[in-house]
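Dumping the structure here so I can ask a few things about it.
The values are calculated or read from the model by the stated rules, or taken from the named source; none is laboratory data. Since the model is a prediction, treat every value here as computed from it, not as a measurement. Neighbour counts run over all protein chains shown; Cβ positions are idealised from the backbone, glycine included. Accessible surface is based on the protein model in full, side chains and every heavy atom, while ligands, DNA and RNA are left aside. Shrake-Rupley method; radii C 1.70, N 1.55, O 1.52, S 1.80 Å.
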Amino acid sequence: MVAVVVIVAGLAVAAPAYLTRKRDYVAVTPQAPTFKPNKPAAFPLPGDATACMDLVAVDGHSEQARLQAMTPGSSGMPLELTLTGPNYRSRGRVGARSADGQTVAVAIRPPRRSLVATACVRNLGHRPVSLAGVGDRSRSRSNITVNGTRAGSTSAGYTSGVGFVLTFYERRPTSILSRLPVSLRRMSVLRPGVVVPATLWPLLALFVVGMPAIAVWAFARALRDDQVEEERAA
Amino acid sequence: MLAAVIAAVAWICVLPPIQGPDEDSHFAYVQKIGAAHEIPWRPFSAPAHWGAPYSTELAYALTYGDVTAAWANPHARPGRTPADVAIWKSYNAKLPSGAATDGGFTPAMRYPPLYYLYAALPYEATSGLGIFDRVFAVRLANIPALLAVVVFTWLLVGELFGRRRWLQALATTAVALEPQLLNMTAVVNPDVFLAGIWAAALYVMVVLVKHGLTRGRIAWTVALAIASCLSQPRGVAIVIPAAAAISLAFWRHRPPASRRVRRALIAGAAAVSVIGLAVLAYYAMLGQVSVEHVRHLGSYLWQFYLPNLGFMNSSSYGARDVFVDRLFGGFAMLEVKFSRGVYTALTVIGAVVLVSALVGVIRRRADVRRRWDVVVVGLLAFAGYMLVLHAVAFRSLLVSLDPVITGRYMLPLLPLYGVIVALAVAWLPRRWGLVAAGALVGGVVFLQIAALGLLFARFYA
């Protein structure tokens with residue numbers, strides 16, 4: 001009984017906030033910032049130049065692209081982001097002013113379905129700018145070019161060079177609860193064929209309801225066994 | 001057991017492939033055995049020319065599955081869309097023959113091969129499937145080891161507390177749903193395998209000391225000790241309690257007749273202990289014994305368990321980090337953590353449980369005096385294991401400032417944690433004991449749900 005009270009009370013306190021709190025929701029991260037937050041590399045982008053990143057997996061939730069400015073001061077950094085994939089093209093602009101280290105968001109039209117795209121960032125200004133770059137373990141699989149010249153590549157499964165930070169988020173903050181079906185679909189990616197939403201939903205129910213019920217039942221059963229044993233001994 | 005299996009499968013599904021601590025390195029070892037039929041064990045040094053660490057197949061999976069970029073990086077998400085699968089598959093289809101066997105040397109290949117030989121079985125069984133399916137299969141193979149931890153904790157507590165099922169159920173639930181144990185069950189890594197061996201060994205040792213010597217019990221103790229040594233370098237520590245258990249079983253059940261022999265044996269045991277400690281200290285100091293190193297070692301050991309005394313060089317990593325923060329948190333590649341407040345609450349609860357267990361020991365002092373040999377085996381299992389960990393950690397501190405000891409290293413001692421939890425409530429008046437046990441069971445279950453919730457938010461929110 002006490003065990004049930006503790007579990008129910010704990011879930012009653014923690015679960016609503018966990019499930020319904022609106023949070024900044026990541027869609028995909030073609031190139032996330034480095035895992036060492038104090039050590040971003042710089043990705044220089046000359047005036048009028050275009051940097052491109054291939055193998056960008058985007059999906060229907062990729063509504064807002066984010067880049068990170070690293071140009072010192074608050075000088076102008078007019079940028080244009082273009083995403084192109086099979087039967088898909090979307091373009092957006094970054095405002096002309098952005099402070100050093102600031103993350104800038106570009107609204108894009110998400111594709112109807114998941115697809116492989118190429119993302120290009122064009123410096124619309126004449127002065128060079130810098131984007132946050134990643135050249136360490138967090139460097140993603142994408143090949144990087146600047147004005148068509150290879151700046152970072154992936155060969156034989158190993159990456160080299162520096163990529164620029166590019167992540168995709170949902171446009172509005174949303175909750176874990178509202179994205180549960182999407183999350184279970186994502187959980188089935190790069191897993192065996194049996195790990196699909198149809199099996200993950202029952203597993204989720206088993207974990208949240210079945211596992212606690214079994215643990216409490218086992219404890220109660222043990223207590224009952226002890227009582228029977230004591231009565232028999234008496 | 002069923003609750004543990006459900007939790008284990010859930011963790012295995014939620015934790016994306018190859019996002020556990022050093023899972024890449026351990027899987028590369030398994031693949032070398034499973035695909036190349038070669039045991040790459042190099043205990044003392046890396047080969048001179050070891051080429052690329054991973055096989056081409058594994059390197060492609062890590063890179064084109066967007067696995068590596070997400071390691072310990074809370075901003076990153078590993079491959080999670082059908083487009084990610086398409087990218088990985090398109091490159092995977094271009095792999096040359098022999099792409100699964102051409103891996104070089106990874107740090108895990110310094111470890112002995114028993115776990116990897118075991119893990120190679122599910123690898124072989126699924127060798128016709130994709131690499132991510134094989135990772136999943138090898139992870140699933142950790143479940144029998146998890147169940148060994150669960151079953152032998154139940155048996156150990158039964159052996160120590162008699163047929164008090166509620167204490168067995170409490171201790172077993174606390175161990176079976178311990179979050180780090182489940183996290184590591186979801187990872188290709190020898191830690192849970194080692195924990196299973198230790199759980200079985202602790203039970204057999206207690207039976208040996210309590211019920212006397214039989215060939216079977218001695219053989220099991222020796223076999224499990226060898227298995228531990230062949231699973232992980234840390235597993236060598238089992239030699240200490242195993243040797244003590246066999247010696248104490250002889251002492252109690254076939255005591256030497258002469259007083260002189262008894263004294264000689266005690267002196268011999270003391271000499272072996274002193275020599276063993278000296279060897280460990282020598283190893284810890286990289287063979288450079290000096291006043292400075294001895295002082296540094298003393299300061300490190302003191303500060304691991306107790307507060308800094310002001311004149312000591314500051315050490316920021318201690319018992320709380322290992323026994324609380326990293327044992328009850330630090331999932332995936334350590335980046336998934338509870339808030340400080342949760343760890344503080346767990347520290348307070350842990351302290352209350354520990355004090356209550358000590359009271360329990362004092363109240364059962366007659367039992368302790370009668371069965372001092374069982375207590376000695378338990379204490380030596382803990383102290384011996386910690387000594388080995390400290391020796392390795394101090395050695396590492398001298399070279400790289402890495403404290404090395406982390407929460408998952410404590411998994412072999414989990415059955416003793418179960419015993420402490422049982423001790424903490426066993427002495428309470430029945431009514432209060434049941435209330436405390438119920439609260440602990442509820443708390444453990446809630447913590448388990450919260451831990452997986454945290455992991456879920458890390459990768460899917």
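Could you please find all residues in the stretch B:34-71 being within 23 Å of B:SER97 (Cβ to Cβ), of a type in the set (A, V, I, L, M, F, W, C) and at pLDDT below 90?
The answer is B:TRP50, B:ALA52.
Looking only at the stretch B:1-46, how many residues end up being hydrophobic (A, V, I, L, M, F, W, C) and within 14 Å of chain A (Cβ to nearest Cβ)?
18
B:TYR203 - would you say it is hydroxyl-bearing (Ser, Thr, Tyr), in contact (Cβ under 8 Å) with a residue 60 or more places away in the chain and not assigned by TED's automatic domain parsing to the domain that holds B:ARG42?
Values: hydroxyl-bearing (Ser, Thr, Tyr): yes; in contact (Cβ under 8 Å) with a residue 60 or more places away in the chain: yes; not assigned by TED's automatic domain parsing to the domain that holds B:ARG42: yes.
For B:TYR203, the condition - hydroxyl-bearing (Ser, Thr, Tyr), in contact (Cβ under 8 Å) with a residue 60 or more places away in the chain and not assigned by TED's automatic domain parsing to the domain that holds B:ARG42 - is met.
Considering only the stretch A:219-234, I want to know if a residue exists there that is crowded, with 16+ Cβ neighbours inside 10 Å, closer than 30 Å to B:VAL175 by Cβ and touching a Gly at 6+ places or on another chain (Cβ under 8 Å).
Checked the stretch A:219-234: at least one residue is crowded, with 16+ Cβ neighbours inside 10 Å, closer than 30 Å to B:VAL175 by Cβ and touching a Gly at 6+ places or on another chain (Cβ under 8 Å).
Another question, then. When only residues in the stretch B:318-369 that are under 23 Å from B:ALA426 (Cβ atoms) and of a type in the set (S, T, N, Q) count, which is surrounded by the most Cβ atoms within 10 Å (Cβ to Cβ)?
Out of the qualifying residues, it is B:SER356.
Would you check which residues across the stretch B:98-157 are of a type in the set (D, E, K, R) and away from chain A (no Cβ under 14 Å) and list them? Please lay out each step first, then the result.
Of the residues in the stretch B:98-157, the ones of a type in the set (D, E, K, R) are B:102, B:110, B:124, B:133-134, B:139.
Passing the criteria: B:ARG110, B:GLU124.
If B:TYR417 passes every condition in (1) open to solvent by less than 30 Å² (accessible area, probe 1.4 Å); (2) among the hydroxyl-bearing types (Ser, Thr, Tyr); (3) more than 7 Å from chain A (Cβ to nearest Cβ) but one, which one does it miss?
The single condition B:TYR417 does not satisfy is (1).
For the stretch B:49-64, name all the residues that are surrounded by fewer than 23 Cβ atoms within 10 Å (Cβ to Cβ) and more than 8 Å from every other protein chain (Cβ to nearest Cβ).
If the condition is that a residue be surrounded by fewer than 23 Cβ atoms within 10 Å (Cβ to Cβ) and more than 8 Å from every other protein chain (Cβ to nearest Cβ), then B:HIS49, B:TRP50, B:GLY51, B:PRO53 are the ones that fit.
Counting only residues that are without any contact (Cβ under 8 Å) to a residue 60 or more places away in the chain and basic (Lys, Arg), which one in the stretch A:179-234 is farthest from the other protein chains (Cβ to nearest Cβ)?
The selected residue is A:ARG232.
A quick yes/no check of all residues on (1) more than 23 Å from B:LEU194 (Cβ to Cβ); (2) of a type in the set (A, V, I, L, M); (3) outside the structural domain of B:ALA450 (by TED's automatic domain parsing); (4) in contact with a Gly (Cβ under 6 Å, 6 or more places away or on another chain):
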| residue | (1), (2), (3), (4) |
| --- | --- |
| B:GLU23 | no, no, yes, no |
| B:TYR29 | no, no, yes, no |
| B:SER55 | yes, no, yes, yes |
| B:THR63 | yes, no, yes, yes |
| B:ASN92 | yes, no, yes, no |
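Of everything in the stretch A:159-178 that's within 27 Å of B:GLU57 (Cα to Cα) and surrounded by fewer than 18 Cβ atoms within 10 Å (Cβ to Cβ), which residue is farthest from the other protein chains (Cβ to nearest Cβ)?
A:GLY161
State yes or no: is A:VAL129 of a type outside the set (Phe, Trp, Tyr) and in contact with a Ser or Thr (Cβ under 8 Å, 6 or more places away or on another chain)? Even if it seems obvious, please write down each step before you answer.
Details: of a type outside the set (Phe, Trp, Tyr): yes; in contact with a Ser or Thr (Cβ under 8 Å, 6 or more places away or on another chain): yes.
Spelling it out, A:VAL129 is indeed of a type outside the set (Phe, Trp, Tyr) and in contact with a Ser or Thr (Cβ under 8 Å, 6 or more places away or on another chain).
Taking B:PRO53, is it of a type outside the set (A, V, I, L, M, F, W, C), closer than 23 Å to B:ALA450 by Cβ and in a loop (DSSP other than H, G, I, E, B)? Break it down stepwise before answering.
Numbers: of a type outside the set (A, V, I, L, M, F, W, C): yes; closer than 23 Å to B:ALA450 by Cβ: no; in a loop (DSSP other than H, G, I, E, B): yes.
In short, no.
Within the stretch A:7-42, how many residues are crowded, with 20+ Cβ neighbours inside 10 Å, at the interface with chain B (Cβ under 9 Å from one of its Cβ atoms) and not aromatic (Phe, Trp, Tyr)?
Total meeting the criteria: 10.
What are the residue pairs meeting all of these: first residue in the stretch A:123-140, first residue away from chain B (no Cβ under 13 Å), second residue basic (Lys, Arg) and surrounded by fewer than 16 Cβ atoms within 10 Å (Cβ to Cβ), Cβ atoms under 9 Å, and 6 or more apart or on different chains?
A:LEU124/A:ARG93
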